[in-house]
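Have a look at the structure below, then the notes.
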Amino acid sequence: QHCFTKSPDGFLYCEDTKVQDVLDSVEKRPFYLYSKPQITRNVDAYREALQGLSSIIGYAIKANNNLNILKHLRKLGCGAVLVSGNELRLALKAGFDPTKCIFNGNGKLLEDLVLAAEEGVFVNIDSEFDLENIVAASRISGKRVNVLLRINPDVDPQVHAYVATGNKNSKFGIRNEKLQWFLDAVKAYPNELKLVGAHCHLGSTITKVDIFRDAAVLMVNYIDQIRAQGFELNYLNIGGGLGIDYYHTGAVLPSPRDLIDTVRELVLSRDLNLIIEPGRSLIANTCCLVNRVTGVKTNGTKNFIVIDGSMSELIRPSLYGAYQHIELISPVPSDAEVSTFDVVGPVCESADFLGKDRELPTPDKGAGLVVHDAGAYCMSMASTYNLKMRPPEYWVEEDGSISKIRHGETFEDHLRFFEGL
Ligand code: LLP
């Protein structure tokens, strides 16, 4: 069951709510619309897949940091994966259990590591200087830190270069030729560091589970080697990265169950606790960016639908050439001409497009148009470029009611940065 469906008469629904009704009842500006039940269903899919394993679902907060969504994910039992001090502070505010949190990153700051140490979250070691900082944070906080080694397994995730992380020349993690140095270093700080596991993250939008299996085989090998030196590590963290069906072609992509099943036996054979770090596959398909059509124009051989949303609200198409499915939310007159359109925003850049070469019926001014699968890396990457203030967010609740879960930013919010200067 998926939250966004089109009725036979051409209306888009979010669960049982007509998206047009939401559009007609809220502020006149682009907005994100989520299904809260879909978030629950996505977490359930992981929880069911993980049955029989000791595991932590570490939700990658970078994908979407709406505080209400975080609280909901926490109530569903998730932990959190953090990449900055502020993400850690927000996770604490949302009530996440610190012992289910993992602090990741190649440039973690000392003051943030001190907070992580004080709170007792897992910390991934990414480099020599990162290890030094973690030791320093341990001494400042007086707490021994549970650490995982982030190993760069050199597995090609077969994705856009910008979202590949586990390949040889990436800036993340430790290469195997340095592994012994790190093990010796950890041994040298028995009061500061406790090595509890190994971590890898291959990349994002991965659509073949064999890639995860290849990495897990390598990682379990590393764990065997590390255990052979007397370390009692018992966590394998295979990161996040599972892709979703952005193209809406009905193609069957690997599910959370497929992902977990491909590593299950390996994890059990070594008696490991499994940590996974999903972001996109938990939250992307729960949301649409809802826009209004400002007008339609033609230049040369190109037709454009100009909407009020833009690369400021949703940058993935501009930044990665990513495809996100686009459709109108209400039926169009049967004589409306279907053409090939670029769907563009009002921002002063030719990079400002939400979709290229889309077959769509010619919409009227004011018609609602959605960009699908906008729950992950959309609002969290939104900017205020051209002073388009970040949009409000709403969700449809289990009982069908609509709640605002984040205010839209306003021009007054912007002026506040200059008060008293
Ligand atoms: N763990 C680590 C260490 C990560 O770096 C990431 C994502 C995740 C987990 C979550 O990956 P996911 O399950 O969401 O694929 N802005 C890009 C995606 C960047 C992903 C960065 N790391 C996009 O819009 O496609």
Mind checking whether some residue in the range 211-220 is assigned to a strand (DSSP E or B) and under 25 Å from the mean Cα position of the chain (by Cα)? no
For residues that are open to solvent by 40 Å² or more (accessible area, probe 1.4 Å) and of a type in the set (Asp, Glu), scanning just the range 379-402, find the one that is nearest to Pro346 (Cα to Cα). Glu397
State whether one or more residues within the range 248-257 are within 26 Å of Tyr323 (Cβ to Cβ), part of a helix (DSSP H, G or I) and open to solvent by 70 Å² or more (accessible area, probe 1.4 Å). yes
Could you tell me how many of the residues in the range 113-134 are in a helix (DSSP H, G or I) and open to solvent by 10 Å² or more (accessible area, probe 1.4 Å)? 8
Scan the range 332-358 residue by residue and report those that are more than 27 Å from the chain's Cα centre (by Cα), modelled with pLDDT of 95 or more and in a loop (DSSP other than H, G, I, E, B). Cys348
Search the range 304-325 for residues being surrounded by fewer than 24 Cβ atoms within 10 Å (Cβ to Cβ) and not in a loop (DSSP other than H, G, I, E, B), and hand back the single one that is farthest from the chain's Cα centre (by Cα). Phe304
I'd like the full set of residues that are exposed (fewer than 13 other Cβ atoms within 10 Å of the Cβ) and free of Cβ contacts under 8 Å to residues at least 12 places away in the same chain, limited to the range 5-40. Thr5, Ser7, Pro8, Asp24
Being open to solvent by less than 10 Å² (accessible area, probe 1.4 Å) and in contact (Cβ under 8 Å) with a residue 40 or more places away in the chain narrows it down to one residue among Val217, Val186, Val209; which is it? Val186
Can you tell which of Gly240, Gly230 is in a loop (DSSP other than H, G, I, E, B), within 16 Å of the ligand (Cβ to nearest atom) and either modelled with pLDDT of 95 or more or within 13 Å of Gly197 (Cβ to Cβ) (or both)? Gly240
Could you pull out the residue among Tyr13, Tyr32 that is part of a strand (DSSP E or B), more than 16 Å from the ligand (Cβ to nearest atom) and over 23 Å from Gly197 (Cβ atoms)? Tyr13
Considering every residue within the range 300-318, establish whether at least one is in contact with a His (Cβ under 6 Å, 6 or more places away or on another chain), within 15 Å of the ligand (Cβ to nearest atom) and over 20 Å from Arg41 (Cα atoms). no
Complete set of residues in the range 138-177 that are part of a helix (DSSP H, G or I), open to solvent by 50 Å² or more (accessible area, probe 1.4 Å) and over 17 Å from Gly203 (Cα atoms): Arg139, Ile140, Asn176, Glu177
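The values are calculated or read from the model by the stated rules, or taken from the named source; none is laboratory data. These numbers come from a predicted model, not from an experiment. Reconstructed Cβ throughout: ideal geometry from the backbone, glycine too, with neighbour counts over all protein chains shown. Just so you know, the surface numbers come from the protein's heavy atoms only, side chains and all, with ligands and any DNA or RNA stripped out. Shrake-Rupley method; radii C 1.70, N 1.55, O 1.52, S 1.80 Å.
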